[in-house]
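Take a look at the structure below.
The values are calculated or read from the model by the stated rules, or taken from the named source; none is laboratory data. All values reported here derive from a predicted model rather than from experimental measurement. Glycine gets a Cβ as well: all are built from the backbone with ideal geometry, and neighbour counts include every protein chain shown.
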Amino acid sequence: MHQKARFFLQTLKFSIARFGKYTQKQPYVHHHLIDCCPWIKVRKCHSFKCLQSKYKKLISGRNIPTRKFCYADLLNTEQENTKSLLINYMDSMERLKKKIEAFYDKHLITLDNLEIRFGDFIYYEEDGCILRLKIGDGFNNCEVLLRLEELSLYNAFVERIRISPGEEYMAASIKTSDSEESMCVIVKLGKYPEVEDFIPNVFSFEWVQDGILFYTCQKNLRCCNVFRTSFGNKKYTECIYTEQDPRFFVDLHCTRDRFFLTINSNSKTTSEVWLVDCHQPWNVPVLVQKRNSGVMYHIEHRNNELYILTNYGEPSEYKLMKTSVDSCSIKNWQLIYTWRRKTKLIDMVMFKDHCIIFLKYCNQLYLNTISLNDHSVQFLKLPAWACACQLDTQPQDSSIDTCSFLLSSPVHPPRHYIYMLGKSGLYEQAEQEKPVMTDCHMARLEAKSKDGTLVPVTVFYKGNSKDLQKKPLLIHVYGAYGIDLNMNFKPEKQMLIEDGWILAYCHVRGGGELGLSWHTGGCLDNKLNGLDDLEACIKSLHNLGFSEPLSTALTAYSAGGILAGTLCNTNPKLIRAVALQAPFLDLLNTMLDTQLPLTIEELEEWGDPASDDKYRDYIKSYCPYHNIRPQTYPSILITACENDQRVPIGGILKYIQRLRKVIMDPQRHNRDHGRKIPNIILDVQTGGSHAAAFGEDSVIEVAKRLAFLYKELELDDTGPLT
């Protein structure tokens with residue numbers, strides 16, 4: 001299932017004041033800084049041992065809810081079987097590991113390098129430390145604020161940083177790959193930083209004043225409570241909001257001008273927002289607009305007016321509206337601008353007199369500047385090679401007229417750009433290295449689906465490649481929750497291009513690439529549209545001369561496993577190998593089990609098979625597990641985590657067992673004698689969470705998947721493919 005994140009994750013991703021997934025590493029080494037800053041300490045009134053003990057108790061209490069299934073023996077057997085099967089790939093894994101490492105080193109990429117700008121300082125995470133650097137100073141003058149090692153937090157990383165308005169406090173969420181839950185560490189800043197407290201199971205948090213923090217807690221993958229806590233001489237915590245509907249998830253956001261904190265309660269299709277005045281945080285939150293089924297909205301603020309991004313009204317696509325803070329109900333919302341159909345909003349930044357909207361139109365990135373005075377709109381098409389956009393940390397002062405951001409693609413490393421409002425110009429930062437992939441071609445194609453819908457496909461291939469029909473093709477697909485297919489830079493994708501692979505990204509319905517209607521066209525009882533789109537994309541690529549079925553592989557993660565697994569059942573001859581990460585394969589049984597943490601929340605995406613026979617029959621008609629049949633399947637590698645709370649390991653184990661039984665049945669029919677018996681491998685990682693199974697993988701995990709694909713497609717991994 002999907003990874004819950006900020007408001008409009010499935011349809012609109014707002015900046016959370018951090019750099020993108022990848023940032024260019026500075027040519028400085030900071031290991032020596034730990035020894036240069038010995039003053040970091042834990043506050044005396046909270047003994048260090050007590051804090052360590054508190055943290056360990058909290059960790060021990062964060063046991064993942066037990067799912068009572070009798071798969072222990074089956075899992076052990078599967079793990080032994082995997083070890084014996086992976087031996088055949090070890091030599092290739094080692095060679096590919098060295099090649100991948102060389103590409104990571106070439107780009108000097110630091111994964112998940114967290115950095116925020118606040119006031120006169122940059123706060124960033126590196127080598128298990130949170131550091132502070134005054135803007136304009138050299139890196140040798142940075143200050144260590146927190147060391148995870150000092151708190152006995154090992155194999156952990158910093159997920160989010162928030163600084164209080166007067167820079168008296170820092171809050172940082174710390175997470176490990178073994179859990180979905182984060183620990184929030186509160187640090188009293190000053191000449192000698194002091195750890196003041198831990199808050200367990202925190203999902204989102206924001207300072208409204210120095211010493212006053214609002215936060216949400218996550219339990220069983222749900223956030224339903226908002227707490228307000230004060231620090232200092234009199235620590236006081238109280239719950240100020242509780243969401244009763246299990247379909248809704250609560251998180252927090254501060255407006256750009258930090259005038260309001262917004263409490264956002266969202267389901268897959270509906271929103272409700274409450275305002276907290278940051279100048280009067282003890283007052284009761286004020287409702288903006290009561291939830292109306294199907295209406296989503298997000299709030300920003302400027303000059304006593306609320307600016308609202310919403311799908312309210314016709315057409316049911318995104319609009320920018322506004323209303324007075326004093327009369328904020330929906331009947332008073334005034335339209336400013338409506339975007340065209342096939343538009344996906346990515347991010348929004350408010351300025352003194354303008355707002356900047358980052359968007360995709362027909363799968364191409366654009367930047368729109370809207371005047372908040374006369375409502376005029378300027379359009380800027382971003383570089384054609386760019387497929388992904390991530391805002392840098394924006395200064396708190398909204399009067400500044402520049403906006404900085406990163407552009408990237410699967411094969412192009414992130415590059416920094418600055419947009420200047422006054423000059424309406426886009427400028428690339430000069431100190432960056434020139435793009436490495438000068439011989440990589442990108443094509444934006446369209447495939448006609450079964451019902452005539454044109455489906456976007458983005459293709460990358462080596463410029464001097466000859467006879468593309470004989471080259472290996474790797475298909476990428478997702479198609480759920482209105483979330484775009486991940487097209488951020490991955491060094492291993494660049495390696496594949498240089499090795500002669502063709503990479504294709506199929507933007508099927510159910511995803512969000514072409515706006516809200518693109519999502520609704522591929523969810524609930526339209527889910528099979530996504531399958532038709534995927535088949536059409538692959539067939540179209542083959543017809544255009546991009547590879548052939550025997551040289552085609554498919555990769556997907558999480559909910560993308562639904563389409564990938566369904567394709568293996570309905571048209572396995574289109575592909576030869578499949579690599580899945582934390583795949584959702586037993587959809588029907590999962591949606592029938594209301595005890596699982598996300599079942600109720602997921603009803604708006606898949607339907608309710610427990611109470612509606614129509615959805616029960618429809619889901620059963622395409623559910624990968626329930627439609628395994630006697631035929632020749634492609635080879636399949638599945639990577640999963642034992643403690644995944646979102647995709648039960650039991651469903652994956654059942655899928656693997658049923659698939660193997662059908663494949664090995666000597667009486668099976670419809671076998672293609674020209675293809676060998678496929679390899680079916682389940683690689684279950686001990687512990688781990690859902691995100692760990694498809695997040696920023698280790699080089700070893702990447703090498704493992706690629707070694708599987710190379711071997712199953714009978715490719716030479718020692719050099720470029722000829």
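Summary of computed values
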item: Qualifying positions in segment 249-266 - among the polar types (S, T, N, Q) and surrounded by fewer than 21 Cβ atoms within 10 Å (Cβ to Cβ); result: THR255
item: Segment 147-163, subset surrounded by fewer than 20 Cβ atoms within 10 Å (Cβ to Cβ) and touching a Cys at 6+ places or on another chain (Cβ under 9 Å), residue modelled with the highest pLDDT; result: ARG147
item: Sole exception among (1) surrounded by fewer than 21 Cβ atoms within 10 Å (Cβ to Cβ); (2) free of Cβ contacts under 8 Å to residues at least 40 places away in the same chain; (3) within 27 Å of the chain's Cα centre (by Cα); (4) in a strand (DSSP E or B) for CYS217, by number; result: (1)
item: Elements of type strands (runs of 3 or more DSSP E) in segment 410-521, at least 2 residues being surrounded by 15 or more Cβ atoms within 10 Å (Cβ to Cβ); result: 412-420, 440-448, 454-462, 473-477, 502-506
item: Those strands (runs of 3 or more DSSP E) lying entirely in segment 77-142 with at least 2 residues of a type outside the set (Lys, Arg) and in contact with a helix residue (DSSP H, G or I) (Cβ under 7 Å, 6 or more places away or on another chain); result: 129-134
item: Flag if THR242 is of a type in the set (S, T, N, Q) and buried (at least 20 other Cβ atoms within 10 Å of the Cβ); result: no
item: From GLY166, GLY119, residue being surrounded by fewer than 18 Cβ atoms within 10 Å (Cβ to Cβ), over 20 Å from the mean Cα position of the chain (by Cα) and in contact (Cβ under 8 Å) with a residue 60 or more places away in the chain; result: GLY119
item: Members of segment 654-667 that are modelled with pLDDT of 90 or more and either part of a loop (DSSP other than H, G, I, E, B) or over 14 Å from ILE628 (Cα atoms) (or both); result: none
item: Residue within segment 551-563 that is within 15 Å of LYS470 (Cα to Cα) and of a type in the set (Gly, Ala, Ser) present; result: yes
item: Qualifying residue in segment 200-208 (condition: farther than 24 Å from LYS268 by Cα, crowded, with 21+ Cβ neighbours inside 10 Å and modelled with pLDDT of 90 or more); result: yes
item: Restricting segment 692-708 to residues that are under 30 Å from LEU114 (Cβ atoms) and modelled with pLDDT of 85 or more, the residue that is surrounded by the most Cβ atoms within 10 Å (Cβ to Cβ); result: LEU706
item: Which numbered condition SER293 misses (of (1) more than 30 Å from ALA443 (Cα to Cα); (2) assigned to a strand (DSSP E or B)); result: (2)
item: Residue pairs meeting the criteria (Cβ under 9 Å; at least 6 apart or on separate chains; first over 10 Å from LEU146 (Cβ atoms) and among the basic types (Lys, Arg), in segment 186-202; second part of a strand (DSSP E or B) and modelled with pLDDT under 95); result: LYS188/GLU194; LYS188/VAL195; LYS188/GLU196
item: Lone unmet requirement of (1) more than 18 Å from GLY515 (Cα to Cα); (2) touching a Pro at 6+ places or on another chain (Cβ under 8 Å) for GLN378; result: (2)
item: Restricting segment 668-691 to residues that are modelled with pLDDT of 65 or more and in a loop (DSSP other than H, G, I, E, B), the residue that is farthest from ALA553 (Cα to Cα); result: GLY687
item: Members of segment 601-622 that are touching a residue at least 24 places away in the same chain (Cβ under 8 Å) and either in a loop (DSSP other than H, G, I, E, B) or among the hydrophobic types (A, V, I, L, M, F, W, C) (or both); result: LEU603, TRP606, GLY607, ILE619
